[in-house]
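Have a look at the structure below before the remarks.
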Amino acid sequence: QVQLVESGGGLVQAGGSLRLSCAASGRTFSSAAMGWFRQAPGKEQEFVTAISGGYTQYTDSVKGRFTISRDNAKNTMYLDMSSLKPEDTAVYYCAARVSGSTIYTDRAKYSYWGQGTQVTVSS
């Protein structure tokens, strides 16, 4: 059974930092694209960032503040978030494609999802 488990969310003041982790089990994702999405209250889920091999892609609002990485040996993906803003408040979900290294911003391209972790940024 494939599972993605996020951790690291919490409450932080504006300007602060957090690191989210996404631990995968049941299979390896070293050759598949993985990413982070988020959903703020009352809003649709949106693409944040994704990684595949040496390639990364970010949504404009987090460029320069968020960094995605992965440790294939640990089958774990990370999201380092800094200079956090109140508008970053959301439930953050990690996602993985079944196969394929192409990065997509469309959530429908990702078949595996974590349960989400809450990130709250206070002003």
If I go through the range 89-112 residue by residue, how many of them are surrounded by 15 or more Cβ atoms within 10 Å (Cβ to Cβ) and either more than 13 Å from Thr49 (Cα to Cα) or among the aromatic types (Phe, Trp, Tyr) (or both)?
10
Hey, could you check the range 17-38 for residues that are of a type in the set (Lys, Arg) and open to solvent by 60 Å² or more (accessible area, probe 1.4 Å) and say which is nearest to Gln57 (Cα to Cα)?
Arg19
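The values are calculated or read from the model by the stated rules, or taken from the named source; none is laboratory data. Treat the numbers as computed from the prediction; the structure is a model and nothing was measured. Methodologically, a virtual Cβ is constructed for each residue, glycine included, from the backbone with ideal geometry; neighbour enumeration extends over all protein chains shown. In case anyone asks, the SASA skips ligands and DNA or RNA and just uses the protein heavy atoms, side chains included. Shrake-Rupley method; radii C 1.70, N 1.55, O 1.52, S 1.80 Å.
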